[in-house]
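Accompanying notes for the structure given below.
The values are calculated or read from the model by the stated rules, or taken from the named source; none is laboratory data. Keep in mind the model is a prediction, meaning the values are calculated, not measured. Note that each Cβ is placed from the backbone with ideal geometry, even for glycine, and that neighbours are counted across all protein chains shown. Remember, those area values only see protein heavy atoms, side chains included, never the ligands or the DNA or RNA. Shrake-Rupley method; radii C 1.70, N 1.55, O 1.52, S 1.80 Å.
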Amino acid sequence: MENITEKIFEEATEAIVEGKAEKAVELAKRGIDEGIDPLVLMEKGFIPGINKVGDLFETGRLFLPALIYSATAMEKATEIINAAIPSEKELVSAKVVLGTVQGDVHDIGKTIVVSLFKANGFDVLDLGRDVPIARFIEEAEKFGADIIGSSTLLTTTMVGQKELEQQLKKAGLREKYKTIIGGAPVTQRWANRIGADAYAQDAGDGVRKVKELLMDKN
Ligand code: B1M
């Protein structure tokens, strides 16, 4: 069993690096059928692949068309993984609005966060990607959210998370919501600097942090 699991992880990494969407989907399905936890499969199989692609892209050893093939393979595998995340039966009476900030179209990680939040019983409104900052607030007001979550993968768009804090303050709504931020370049230090209530390094951490924030809120 261990060998099969390791082999699936390796092949999943390879499928993403090579940008093979059909193969990635087949491996995601096979891994789940073999009983591998979908998030472990993501973490040990697919994420190392897309991280490798990122490194190759950054160092000029892979170009945009290949990055797009790999991203497509990753998106397709993520759909299968997200659908397989087991749901908690207990509903949490908390509403979360989540999106990727304006100027940024990276949404693979954000989508995993959304799925895990839903699986943990949160009522989630997914705003998608490239979301104008003011829209986070408008939608949170309409949805009756408790938490506003923002994701970003580009260093140039991190400033959107700061702007969200500023716009909330300006509208006199900062105390009404708890905010959580995430994304590859984001850190706890950035959260402290801009005044976000929490930072999460991955989806599981996000669920833990949101539960803590809700305890503070009540
Ligand atoms: Co882009 N890209 N990309 N890209 N891309 C990065 C981010 C980059 C680091 C690659 C590199 O150079 N090494 C680099 C950014 C450099 C920088 O800012 N300093 C980069 C660049 C430059 C670009 C373009 C500018 C390229 C170009 O056009 N010349 C362009 C930007 C377009 C735009 O947004 N305006 C671009 C485009 C793309 C694609 C469209 C091809 C594709 C995205 C497809 C999609 O998302 N639908 C893509 C991809 C795939 C990547 C890399 C390779 C992988 C990102 C990813 O999906 N990771 C990325 C390199 C990298 O990050 N290693 C890269 C897997 C995912 C599961 O992880 O998103 O980190 P992540 O999410 C994690 C955690 O961060 C956390 O939980 C998730 C699950 O564990 N998390 C949260 C995330 N959000 C959270 C929110 C929370 C809590 C936790 O609470 C609210």
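Charging the Cβ of each Asp and Glu at -1 and of each Lys and Arg at +1, and nothing else, the dipole of the stretch 1-85 about its Cα centre rounds to 220 debye. Binned at 5 Å from 0, what are the whole-percent values of the Cα-Cα distance distribution for the stretch 1-101, short to long? Percent of Cα pairs in each bin: 2, 13, 22, 19, 16, 12, 9, 5, 1, 0.
For the chain, build the charge dipole from Cβ charges (+1 Lys, Arg; -1 Asp, Glu) around the Cα centre, then report which of VAL53, ALA196, ILE32 sits farthest towards its positive end. Positive-most Cα among the choices belongs to ALA196. A dipole drawn for the chain from +1 and -1 charges on Cβ atoms has a positive end, and of ILE147, ASN120, ILE137 the residue lying farthest that way is ILE137. Each pair of Cα atoms in the stretch 109-218 enters the Kirkwood radius, and Stokes-Einstein at 25 °C and 0.890 mPa s then converts it into a translational diffusion coefficient of 177 µm²/s.
Only Cα sites of the stretch 66-171 enter the Debye sum here, all with the same form factor; the resulting log10 I(q)/I(0) across q = 0.14, 0.23, 0.24 1/Å is -0.59, -1.22, -1.27, listed in q order.
Between ASP216 and GLU138, the simple label model (points 7 Å from Cα in the Cβ direction) yields a spacing of 2.9 nm. Here the 3J(HN,Hα) profile of the stretch 179-196, calculated from phi with Karplus coefficients 6.51, -1.76 and 1.60 at θ = phi - 60°, is 10, 9, 10, x, x, 3, x, 7, 9, 4, 4, 5, 4, 4, 5, 8, x, 6 Hz, Gly and Pro shown as x.
How much accessible area per residue does the chain have, in Å², with a 1.4 Å probe?
I get 53 Å² per residue for this part.
Simple point charges give the picture: +1 on the Cβ of Lys and Arg, -1 on the Cβ of Asp and Glu, and for the chain a dipole about the Cα centre of about 760 debye. Annotation: Cα Rg of the stretch 43-117 relative to the compact-globule expectation 2.2 N^0.38 Å equals 1.31.
When +1 charges are put on Lys and Arg Cβ atoms and -1 charges on Asp and Glu Cβ atoms, the dipole computed for the stretch 92-218 relative to its Cα centre reaches about 260 debye. Residues in the stretch 106-140, backbone N under 19 Å from the label point at LYS170 (7 Å along the Cα-to-beta-carbon vector): list them, ranges by number please. Within reach of a label on LYS170: 131-140.
Entry for the chain at q = 0.12 Å⁻¹: log10 I(q)/I(0) = -0.65, Debye formula applied to identical alpha-carbon scatterers, no solvent contribution. Once the C-beta distance of GLU6 and ASP37 is scaled by a Förster radius of 22 Å, the resulting FRET efficiency is 0.90 to the nearest 0.05. DSSP beta bridges confined to the stretch 61-218 are antiparallel in about 0 percent of cases. Pairs exceeding a 18 Å alpha-carbon distance, out of LYS20/LYS52; LYS110/LYS209; LYS7/LYS76; LYS110/LYS169: LYS7/LYS76; LYS110/LYS169.
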